[in-house]
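These notes concern the structure reproduced below.
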Amino acid sequence: MKDETQVKTDVSRRDFLGQASLGVIVLSSVAALAGTLRMAKPSVHYEESRVFKIGKPENFPVGTVTVLEDRQVFIFSDNDGLHAISKVCTHLGCLVAKTSTGFQCPCHGSKFNLEGKVIAGPAPRPLPWFEISQSVDGTLLVDATKEIKSGTIFKV
Ligand code: FES
């Protein structure tokens, strides 16, 4: 009687070890497959260039403010020329809205004057002005990586 019980326990242990081994093989295979599939997709996240074309000067008639929503920048055109001001609040990055006196952030209430200087709220810095240049074919370029001194106008 004791021998039968002993045999059943040995078989059970053998089955357990077999299933555990199979489980380890399956999990290892799944992990290896996941790793292989992960390598097929590049880890690099491509960002849009922060130097971008905005078209010809004729696109910005004198006296207009153009909002380039996809680039998060305002283009101002006046008799002196053009200038580009960031639409991104310097507090936590919300997008500011243009008002009659400047800009206002909807998130925490920062207010900026028309030059982008902070006049109220938690924003620690003024809205940056970006460099505008013109390529040889006459197309205007905004370089959002180059902050310039506020008041700097690009003469067309
Ligand atoms: S993000 Fe603009 S005030 Fe906070």
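The values are calculated or read from the model by the stated rules, or taken from the named source; none is laboratory data. This one's a predicted model, so the numbers in the text were calculated from it and none came from an experiment. Neighbour counts run over all protein chains shown; Cβ positions are idealised from the backbone, glycine included. For accessibility, only protein heavy atoms count, side chains too; no ligands or nucleic acids. Shrake-Rupley method; radii C 1.70, N 1.55, O 1.52, S 1.80 Å.
All of G121, G81 fail the test of being modelled with pLDDT under 95 and either of a type outside the set (S, T, N, Q) or outside the structural domain of P57 (by TED's automatic domain parsing) (or both), apart from G121. Taking the listed residues G109, G138, the one that is open to solvent by less than 40 Å² (accessible area, probe 1.4 Å), over 19 Å from the mean Cα position of the chain (by Cα) and away from the ligand (no atom under 16 Å from the Cβ) is G138, with no other qualifying.
When the residues of region 40-53 are filtered to those that are open to solvent by 20 Å² or more (accessible area, probe 1.4 Å) and not in a loop (DSSP other than H, G, I, E, B), the one that is farthest from the ligand (Cβ to nearest atom) is A40. Given the condition under 21 Å from E47 (Cβ atoms), within 12 Å of the ligand (Cβ to nearest atom) and surrounded by fewer than 20 Cβ atoms within 10 Å (Cβ to Cβ), answer yes or no: does some residue in region 94-103 qualify? Yes, some residue in region 94-103 is under 21 Å from E47 (Cβ atoms), within 12 Å of the ligand (Cβ to nearest atom) and surrounded by fewer than 20 Cβ atoms within 10 Å (Cβ to Cβ). Taken over region 61-93, the criterion of being open to solvent by 40 Å² or more (accessible area, probe 1.4 Å), under 19 Å from E48 (Cα atoms) and away from the ligand (no atom under 16 Å from the Cβ) is satisfied by V67, E69, D70, R71.
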